[in-house]
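Reading through the structure tokens given below for one structure.
The values are calculated or read from the model by the stated rules, or taken from the named source; none is laboratory data. Keep in mind it's a predicted model, so treat the numbers as computed, not measured. Heads up, the Cβs are rebuilt from the backbone with ideal geometry, glycines too, and the neighbour counts pull from every protein chain shown. Ligands, DNA and RNA are excluded from the accessible area calculation, which covers all protein heavy atoms including side chains. Shrake-Rupley method; radii C 1.70, N 1.55, O 1.52, S 1.80 Å.
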Amino acid sequence: MRTVQSNTRETLPHVATGKRVLLVEDEALITTLVVDVLEDRGMVVIGPAATLRDALALAGSEQIDAAILDVNLGAETSFPVARLLRERGIPFFYTTAFANRTHPDIGDAAFLPKPYGIRQLLETLDGVLAAAP
């Protein structure tokens with residue numbers, strides 16, 4: 001079993017360890033999976049935040065290298081969090097199963113449609129980190 005995990009890890013994209021990633025996600029199962037994947041690769045998960053209020057508080061006060069934002073948070077969206085992150089110069093990407101990519105608040109932001117796999121998650125995160133100033 002250990003060999004399979006090692007081989008799998010070697011084929012996945014490498015995302016720099018020690019990066020601080022804000023996770024905004026209201027689905028507990030997805031949150032658990034993403035936290036496990038990121039922490040297993042040596043990243044620090046900020047949050048996770050399941051509500052807009054919690055996400056705004058973390059996005060405004062924490063040292064963050066990148067963020068993963070679920071668009072729909074119950075009856076609210078993460079768009080205000082994205083605006084705050086843009087103001088702070090913090091790269092992020094959206095995830096959702098429902099959002100219309102042409103929504104004006106999404107604009108040209110990176111976007112990962114649900115459902116997604118570990119490889120797609122890590123590739124997207126690596127991409128936004130690499131594009132950051």
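Some observations on this one:
- Antiparallel content of DSSP bridges confined to the chain, in %, to 5: 10
- With a Förster radius of 22 Å applied to the C-beta separation of T17 and E87, the computed FRET efficiency comes to 0.20.
- Look at the Cα gyration tensor of region 16-93: its axes a ≥ b ≥ c give a/c of at least 1.5 with a/b at or below b/c, and that counts as oblate.
- Protein accessible area in the chain, 1.4 Å probe - carbon and sulfur %: 53
- Entry comment: accessible area of the chain is 54 Å² per residue, from protein heavy atoms only and a probe of 1.4 Å.
- Straightening the chain between A131 and D40 buys 30.5 nm, computed as 0.36 nm per residue apart minus the Cα-Cα spacing.
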